[in-house]
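Visitor: Dropping a structure here in structure tokens format, bear with me for questions.
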Amino acid sequence: AFVNISTESSKKDINYLDNEQEQSILEKINNTDVATYHYNIESSNNPNRLGLIAENAPQEVLSIDGKGVDIYKLSTFILAGVKAQQVQIDALKQDIAVIKEQLGNQVTSSSVITGITQLPNYIVTVAKSTLASISSAIGNWANAVLADTTKLKKNSETESEIKYETYGVDSTRKEIVASGKAQLGFVADSNGEIVNSKIKFDESFSSVITNVDELRIIITPAGKVNGTLYVNDRSIYGFEVREAGAQDNGAWFDWMVVARKKGAEEITNYQLPIINQTETISNIQNTNSETPVPESVTEEPTSNVEETVTSPVDSTSSPSSTEEIVQTPESEVTLPVEEITTAPAESVGVEETPAP
């Protein structure tokens, strides 16, 4: 073993490396090539050696004559690189912590033009009694093929409720989308033989969507079929697809379901928060002069939303109401809006009609 005396009393001209110097060493380590080799006096049949080539190694780790590698220098050189690397790791940890906090707070980015909001993590809380009601009310849908793609990811669970996560783009209508692939098959019923496919939603999906009137189902044959595919039945538990003429047993089709989340009814007539939008457009068309006057319009920013579904599901009626908890934003965002003052109606040849 090689042991170097390292006491402070045995050394002089002591200077400690700063962060910049340690970062420089880390770069040199990253640019140093490690080689396998044989010494000239060795047989090529001997096991390969692993090490550095002095001509390509950092000057700081070489012996005094520059022909060898000083093991003590090399180990200290690596230690300085590890310290510099740890600084980078700590900085990345801080960045990750900030991102996690943003995702946890459901930070949103909104577009006033499209009304679309990207929610990284939308939590929906469902009472376990609701899930139990679905299981008992599902009726003849119990034997349908389960669509695995409708199973929502569980965020957390308590004795009385389960929190599910929904991801992706959420429109102002609070729609949730699921899709999949299914196959038609022959089935005999009271009217004779039919070709159909019955798809069942996972109970987590059924528990968060609203009534069947808001359920949109799109089906597309995955190949040529002789008859027309159509949706014969639908409910919050699933849907049935049939083929007119019952000719294509075994044919595949793609499907997509667009449903509205419970609690979305109150935003059916949602409008963008822009004052006098229609009047402003009309005024632009009927005036040649504009006198902009700044005016402040207060718009509530998109807030973190957590929906709570607590009521049982009834197979014959619309799903129960949803309690929606909205965190009050700490501050309001004020957007500047230009109000356009137009000339009187007479100046553009429009006769003013008196109010009745």
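The values are calculated or read from the model by the stated rules, or taken from the named source; none is laboratory data. What you see is a predicted model; the values in this text were computed from it and never measured. FYI the Cβ positions are ideal-geometry reconstructions off the backbone, even for glycines, and counts take in every protein chain you see. Remember, those area values only see protein heavy atoms, side chains included, never the ligands or the DNA or RNA. Shrake-Rupley method; radii C 1.70, N 1.55, O 1.52, S 1.80 Å.
Visitor: Take the conditions part of a loop (DSSP other than H, G, I, E, B) and touching a helix residue (DSSP H, G or I) at 6+ places or on another chain (Cβ under 6 Å) and apply them to K73. Does it pass?
Guide: Considered against the rule, which asks whether it is part of a loop (DSSP other than H, G, I, E, B) and touching a helix residue (DSSP H, G or I) at 6+ places or on another chain (Cβ under 6 Å), K73 comes out as no.
Visitor: Determine, yes or no, whether V87 is in contact (Cβ under 8 Å) with a residue 40 or more places away in the chain, more than 18 Å from N4 (Cα to Cα), assigned to a helix (DSSP H, G or I) and not basic (K, R).
Guide: Judged against the criteria, V87 is a match.
Visitor: Check S204 against each of (1) under 18 Å from N143 (Cα atoms); (2) open to solvent by 20 Å² or more (accessible area, probe 1.4 Å); (3) at pLDDT 85 or above and name the one condition it does not meet.
Guide: Result: S204 passes all but (2).
For (1) modelled with pLDDT under 80; (2) open to solvent by 70 Å² or more (accessible area, probe 1.4 Å); (3) in contact with a His (Cβ under 9 Å, 6 or more places away or on another chain), each residue gets a yes or a no:
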position: Q88; (1), (2), (3): no, yes, no
position: D95; (1), (2), (3): no, yes, no
position: Q102; (1), (2), (3): yes, yes, no
position: I113; (1), (2), (3): yes, yes, no
position: T117; (1), (2), (3): yes, no, no
position: P120; (1), (2), (3): yes, no, no
position: I134; (1), (2), (3): no, no, no
position: N140; (1), (2), (3): yes, yes, no
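Visitor: Do we find a residue being at positive phi, surrounded by fewer than 12 Cβ atoms within 10 Å (Cβ to Cβ) and small (G, A, S) anywhere in the range 65-72?
Guide: Yes.
Visitor: Further, regarding this structure: Any chance you could count how many residues in the range 4-58 are open to solvent by 50 Å² or more (accessible area, probe 1.4 Å), of a type outside the set (S, T, N, Q) and touching a strand residue (DSSP E or B) at 6+ places or on another chain (Cβ under 6 Å)?
Guide: Selection size over the range 4-58: 4.
Visitor: Considering (1) modelled with pLDDT under 90; (2) open to solvent by 30 Å² or more (accessible area, probe 1.4 Å), say which one W252 fails and leave the rest.
Guide: All conditions are met except number (1).
Residue-wise test of (1) charged (D, E, K, R); (2) loosely packed, with under 15 Cβ neighbours inside 10 Å; (3) out of contact with any Phe, Trp or Tyr (no Cβ under 7 Å at 6 or more places or on another chain); (4) closer than 15 Å to M256 by Cα.
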site	(1), (2), (3), (4)
D189	yes, yes, yes, no
E193	yes, yes, no, no
D213	yes, yes, yes, no
A222	no, yes, no, yes
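Visitor: In the range 142-161, which residue that is hydrophobic (A, V, I, L, M, F, W, C) and over 23 Å from the mean Cα position of the chain (by Cα) is least open to solvent (accessible area, probe 1.4 Å)?
Guide: Checking each candidate, the answer is A144.
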